[in-house]
Each structure stands twice: as structure tokens, then as C-alpha cells.
Amino acid sequence: MKRFAVALMCFLLPAAAAHAQEELAVSTLLAQPDVYNQQIVTIRGEIVGDYGDRGDVVWVQLNDDPYVDQPFAEEGRLAGTNTGISVRLNGGVPAEFGPPGGYGIRGPIIEVTGVFRDLDPELGGLTFVEATAVALVSPAEAFAEPGPDTAAAVTGATLTAIALLAMAHRRDLLRRLTRSYRVSG
Amino acid sequence: MLLRPSLDDHRSIAHDLGRIIGVVAMAALVPLAWALARGEWRSASHFILLIGVTTAVSAAADRLRPKPGRAVDWSHGMVVAALTWLVVPLFATIPLWGSGHYSRWIDSYFDAMSGLTTTGLAVIQDLDHLSESVNLWRHILQFLGGQGIVLAALLFLAGSGALSLFEGEGREHRMFPNVRTTARFIWLVSATHAAIGITVLTLDGIFVQGFDAVRAFFHGATIFMAAFDTGGFSPMSTSIAYYNSPIFEAIVAVLMVAGAMSFGLHHAIWNRRKVLDNIEVRTFALTVSVTLAVTILGLALIGAVGELYPLVRVGLFHVISAHTGTGFTTVSVAEMASWSGLAFAGIAVAMALGGMSSSTAGGVKSLRIGLAMRAMRDTVREALLPDGAVVPQTYRQYGTQRIGPNLVRSVFSISLLYVALYLLGAAVALGFGYDLGPALFESISASAAVGLSVGIVSPDMPLLLELTYIAQMWVGRLEFIAIAALLGFTASTVFGK
């Protein structure tokens with residue numbers, strides 16, 4: 001907990017200074033890597049998937065697609081495919097962030113300032129943002145799990161039962177089972 | 001004159017198709033169990049519906065058993081194989097469409113076809129918030145398609161029709177005289193690779209990536225299925241770039257190559273037989289080396305990747321991914337779209353050539369490339385040598401085989417059909433105003449069951465283009481013969497007397 005608190009402080013203080021920097025879309029970074037390579041950039045988005053905790057650093061995927069502000073789990077509206085980039089966070093992830101985004105969860109929204117590294121030679125060609133400052137915009141939010149589709153489940157279960165009975169009847173399984181029960185009885 | 005198939009012919013085809021659909025019901029039990037374990041109730045209810053519908057169809061088809069003693073003939077087997085790849089995706093869409101992650105039903109059919117044909121192109125939206133069980137289902141479709149849903153059914157089928165079903169799936173080499181024994185061996189190879197592959201990827205997920213154990217297993221299982229079956233779906237939208245790990249990439253590359261190897265080669269290796277003189281091994285090694293050199297040179301020329309190590313790593317991973325027909329990537333779509341000149345050519349040619357025959361890979365296949373080169377070499381030698389000189393026309397593949405005129409004709413016919421298929425898809429995309437390069441790239445990717453994309457395949461693509469890609473995936477996976485048999489059967493049913 002102490003580690004997380006220290007990490008949070010380290011992230012939040014420089015983040016305030018970096019706030020003045022213009023925010024870039026991830027799609028812009030990926031479309032013009034030559035322009036932004038090795039430059040300090042600021043991006044904002046949702047952490048999705050997993051926290052890849054490798055001890056001294058944590059790798060995350062940061063998406064800045066429309067689902068950040070209009071989560072699919074809440075709105076149920078589709079707005080195309082995801083757009084994301086890897087971000088390397090130094091020093092861990094504070095507990096306040098909450099779980100990463102996934103099914104029924106809108107992950108924490110953060111603002112990251114850091115160095116954009118396109119096909120970085122030191123890391124064998126990875127493309128990512130090396131975070132120097134991180135600010136938590138909004139912690140993770142869980143949405144109520146959509147209830148079961150009762151009609152689908154009942155229809156499916158009924159069809160399965162009828163089909164299995166029909167197949168058993170065709171192969172005379174029930175009579176054979178009953179007979180073997182009587183014999184053994 | 002065309003002979004109209006009898007009612008018994010239709011019954012026998014429907015009966016075998018029903019058995020294959022029964023395999024879908026069994027396969028759907030896995031994501032259902034996952035959905036229940038993870039509390040994904042809505043997805044679970046859709047899997048129950050899928051199981052119910054497929055079991056009911058299978059049970060109904062079971063009643064259409066043909067007359068005793070009537071075996072499935074060659075053309076029936078081919079028709080069943082062709083129909084399998086059209087009909088199974090219809091059922092497979094139930095949980096996909098139910099997830100709500102598709103704007104149009106045809107998009108979910110596109111993804112189901114892409115999964116079953118192990119292509120890996122996807123139009124799913126907001127993949128990163130999809131339920132794990134439906135995500136797992138996408139990968140199971142690739143496993144079923146790659147390992148052969150027909151092969152799975154063959155374990156329960158017998159008779160002369162089994163061989164034509166086997167061949168109808170685009171498989172040519174039998175390791176054993178009995179097709180069912182061959183099917184069992186293929187599943188044994190797959191199960192062994194699965195046990196090792198999933199374990200290694202899961203351990204990497206826990207100890208290298210730093211994921212929790214359940215998620216590491218989820219990533220391991222899904223990526224294994226997509227890699228070994230040369231499918232290319234990934235559980236996250238950024239494909240293999242999500243993992244940021246050279247070790248992970250290396251494991252995946254090994255699995256992709258293992259998946260692109262013919263099961264005959266697996267059999268030879270298991271029996272410690274010599275394989276280095278095998279024409280497919282030599283051709284595959286040659287074409288991978290050439291396309292790799294071209295791609296790396298191209299990447300260096302456009303300055304996309306600066307230094308040698310990343311240049312080789314990025315180039316090697318993408319050439320293996322393209323050549324094996326997998327379609328994984330470690331760069332963004334925008335980055336790949338910027339690869340022009342030789343880099344583009346290297347990747348496109350690698351995709352078009354494909355993996356080995358009787359494997360899960362698509363494309364023209366190394367055996368045909370090797371045989372075509374050998375036939376051309378022999379023709380040149382015959383022309384250069386004095387009259388009466390005898391040029392031995394043989395090749396090595398599990399022993400010495402003879403290159404006969406029928407084989408050469410078949411090799412060139414199928415290869416030309418693939419080229420025509422590549423051009424057809426490109427022409428349709430050109431008609432919608434896309435540039436030639438991306439149009440050709442996407443068309444090859446769909447036809448050769450690869451899955452790499454430079455951005456044309458998306459939820460917004462025109463409907464006709466989407467239908468074209470669906471048809472290309474279907475035709476490319478079945479290698480034309482089964483499709484021709486289905487068309488012939490349909491024509492006989494309609495016009496026959």
C-alpha cells in the first residue's frame with residue numbers, strides 16, 4: 001500500500017506540470033510515428049486487459065477510442081474497433097486505479113505524459129509510450145452484468161433435452177438401460 | 001446429361017452434415033463452462049441456445065440415415081465438406097451475434113467464417129470489452145477449423161466416404177492406410193502441442209508478463225489455438241503487440257511454424273525419419289528465406305525500423321506470420337500500411353505462398369510451389385539435353401515419388417486458381433475505390449487464410465466486399481475441389497433428369 005501511495009505521488013506531481021501539454025490521439029501517434037518518435041507526448045485513455053506487472057515496471061494497454069467516454073457496457077452502442085497503444089509505467093499501479101477494463105468494466109482512465117518510442121531499438125522493436133507522469137482521471141467503474149437471456153437459455157435447454165431424448169429413443173437406449181437395470185436388480 | 005441425385009443422396013449428405021454439426025454442440029460446452037465459472041450469464045445463455053439448436057439439428061439429421069449398406073461416395077464427401085464450412089458458421093454466430101459486438105449479423109458470420117477457415121480477419125467491435133467466454137469461442141472456432149471439424153467427425157464415421165471428406169477439407173496425405181487412424185494421429189499431435197504450448201504460454205504469462213494465473217491461462221489457451229491452427233485471432237485488439245515480450249513472440253513463432261507443417265511431416269518427425277530431403281521442407285525453407293530477405297531489405301530501405309536487431313525481429317515475425325497463414329502482428333495497422341516497396345512485396349508473396357499441404361495453413365502451399373519449380377526445371381533440362389536423354393522426373397516426399405503429367409496439371413491448375421482468386425478480390429476492392437496495393441494485400445490475406453490487414457477489412461466496409469471476402473475465405477480454405485463438387489451437385493439437383 002505504501003509503495004502504491006509513493007508511486008501515486010510520483011505520478012501525480014509531475015502530471016500537473018505536464019498538463020499544459022497538448023493531448024494527442026493514439027491514432028495520430030500511430031499514423032505519424034516519424035513525427036512523434038522520441039518526443040514527449042500526452043495521451044489520455046482507458047487501461048484495458050491486464051496489468052503486466054514485471055516488478056520494476058508495469059505494462060498496460062491504453063485505449064483512447066470512443067468507448068472510453070461511452071462504455072459499451074453502459075451505453076450498448078458500437079463505435080468501431082478499439083485503438084490502443086502499450087504504455088510502460090514505472091513504479092507500479094496505485095490501488096486507486098481499480099481493475100483494468102474488460103467485460104462489464106470500464107477500466108481506469110488516466111492521462112499519461114511520456115516519451116513515444118516507435119519500434120524502439122533498445123527493446124527490440126516495440127512501440128510504446130514510456131510514462132514519465134501519470135494522472136488518474138477516473139478510477140475503474142464496474143457495470144451491472146447484463147442478466148441472462150432467459151428465452152435463449154430455456155429454448156436451448158428444451159431443444160437439448162428433446163434432441164437427447166430423441167437420439168436415446170432412436171438407439172433404444174432407455175429400454176436397454178431399463179433392461180440392464182432389471183437384470184442387475 | 002446431368003443425373004439428378006436421388007432422395008437417398010440428399011439424406012446421406014444431410015446425415016453426415018448433422019453429425020458434423022453435433023461436434024459444434026460438444027465444442028460449445030467448453031465456453032459454456034468458462035462462462036458459468038466466470039459469471040458471464042448472458043453469454044452462458046447464448047451458448048445453451050447454441051448447444052440446443054445444434055443438438056436438435058444433429059438429432060433430426062440422425063433420423064435421415066441412408067439405407068443400410070450404402071456408403072458415402074467421393075462426391076458426397078466433397079459436398080459435405082463444402083457445406084460444412086458454409087453451415088457451421090451459421091450456427092457459430094449465435095453467441096457472437098448475441099454478444100452485441102456486431103452492427104450487422106453478416107459481420108458475425110464474417111468473423112465465424114474467418115475463425116473456422118483459420119483466416120483471422122475480424123470486424124468485431126470493442127473486442128477489448130468482449131466477454132471471455134465469447135472470446136474463447138472465437139478461438140475454439142479456429143481450433144475446430146484448423147484441426148478439422150470434419151476430422152473430428154471422422155472419428156465417428158466410417159466407410160468409403162471418410163476418405164473423400166478428408167480430402168474435401170484440403171488434406172492430401174494420409175499417414176496411415178485408415179483415415180480414422182490418420183484422424184486420430186492428427187488429434188494426438190494437436191493434443192500434445194496443446195499441452196506443451198498452453199503450459200509454456202501460461203507460465204510465460206505468470207512469470208514474465210506478470211498476469212494473474214487465470215488470465216495467463218486464458219491468454220495461453222487462446223493464443224495457442226490461434227498460433228498452432230495458424231488462425232491469427234487474438235484476445236486483445238493489439239494482437240501480439242499486447243504482450244511486449246520477445247520470449248512470447250519466439251514461442252508463438254515456433255507454434256506458427258509447427259502449425260504450418262504438414263501432419264505427414266509431424267508423423268515423420270515423430271518416427272524419427274529423415275525429413276531434410278522432403279520437397280516441402282526444402283521449398284518452405286527456401287521461400288521463407290527469400291521472402292524474409294526481401295522484407296528485411298524493404299524495411300531497411302524505407303527506414304521503418306532503424307537497427308539490425310529490431311529489423312530482423314520485426315521482419316522475421318511478420319514473414320513467419322504471413323507465410324504460415326497466421327496473421328499475428330506486433331505493429332499497428334497504420335504501421336503495416338506504411339510498408340511499401342519490397343517490404344510490402346515480401347509480406348504479400350509470403351502470404352500468397354502459404355504453408356505446407358495437409359496442414360492448417362492456407363495459400364498455394366509449399367508442395368505445389370516445389371513441384372512447379374521441379375517440373376519447370378525438368379522441362380528446361382529436357383530441352384537442353386540431347387534427344388533421347390532421360391530426365392528422371394521424381395521428387396522426395398516420404399520416399400521417392402514420380403512427377404506424372406496429371407500431377408503437374410493439377411499443381412498448375414490449383415496454383416492458377418489461387419492467383420485468379422487473389423485477383424478477383426482485389427478487383428472488387430478496386431471497384432469500391434481502394435488503391436491497388438491494399439486491395440491486393442487484403443484479397444490475398446482473405447484467400448490464403450492469413451488475416452493480416454492494412455485497414456480495408458473493418459466494420460464499415462461495403463457489404464459486397466464483405467461477401468466477397470467471405471467467399472474467398474471459404475473457397476481458399478477448401479482449395480476449390482470441394483466447391484466444384486458442391487456446384488456440380490447443385491446443378492445436377494436443379495437441372496438433372
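What to note about this one:
- Placing unit charges on each Cβ (+1 for Lys and Arg, -1 for Asp and Glu) gives the stretch A:20-106 a dipole about its Cα centre, and among A:P33, A:N82, A:G52 the Cα reaching farthest toward its positive end belongs to A:G52.
- Efficiency of FRET from Cβ geometry, B:S103 and A:F143, R₀ 25 Å, rounded to 0.05: 0.75
- Residue ranges A:88-94, B:94-100, B:351-357 sort as B:351-357, B:94-100, A:88-94 when ordered by packing (mean number of other C-beta atoms within 10 Å per residue, highest first).
- Projected label distance in nm at B:I414 and B:E307, using a 7 Å step from Cα toward the beta-carbon: 4.5 nm
- Charge sum, other residues only, whose C-beta stays under 15 Å from B:V288's C-beta, Lys/Arg counted +1 and Asp/Glu -1: +1
- Computed over chain B, Kirkwood Rh from alpha-carbon pairs, angstrom: 23.1 Å
- A:V154-A:D56 FRET efficiency (beta carbon distance; Förster radius 56 Å; 0.05 resolution): 0.60
- Positive contributions from Lys and Arg (+1) and negative ones from Asp and Glu (-1), summed over other residues with Cβ under 14 Å from the Cβ of A:I162, come out at +1.
- Förster radius 41 Å - calculated FRET efficiency between B:A37 and B:A491, Cβ distance, rounded to 0.05: 0.25
- Paramagnetic label zone (point 7 Å from Cα along Cα-to-C-beta, B:I206; backbone N under 16 Å) in the stretch A:101-123: none
- Net charge of the neighbourhood of B:G455, taken over other residues with C-beta under 12 Å away and scored Lys/Arg +1, Asp/Glu -1, is -4.
- Stretched out straight at 0.36 nm per residue, the stretch from B:A427 to B:W74 would grow longer than its current Cα-Cα span by 123.7 nm.
- Largest first, the three principal axis extents of the alpha carbons in the stretch B:240-311 are 44, 27, 14 Å in whole numbers.
- The stretch B:1-49 versus the stretch B:258-309: alpha-carbon centroid distance in Å: 37 Å
- Between the stretch A:39-57 and the stretch B:315-347, the alpha-carbon centres lie 25 Å apart.
- Screening chain B for whole DSSP H helices of 20 Å or more along their axis (Cα) with average Kyte-Doolittle hydropathy at least 0.0 returns B:7-27, B:41-62, B:74-98, B:179-204, B:213-228, B:246-260, B:279-302, B:308-323, B:366-384, B:405-431, B:463-478, B:481-495.
- Across the alpha-carbon set of the protein assembly as shown, the Rg to Rh ratio works out to 1.00, Rh being the Kirkwood radius.
- Each of B:A37, B:V257, B:S133 was scored by the projection of its Cα onto the charge dipole of chain B, and the greatest displacement toward the positive side belongs to B:V257; charges sit on the C-beta of Lys, Arg, Asp and Glu.
- Using only the C-alpha atoms, the convex hull of the stretch B:22-118 corresponds to 107 Å³ per residue.
FYI, it's all coordinate maths here, none of it is from the lab. What you see is a predicted model, and the numbers here were worked out from it, not measured in a lab. As a convention, Cβ positions derive from the backbone with ideal geometry for all residues, glycine included, and neighbour counts pool all protein chains shown.
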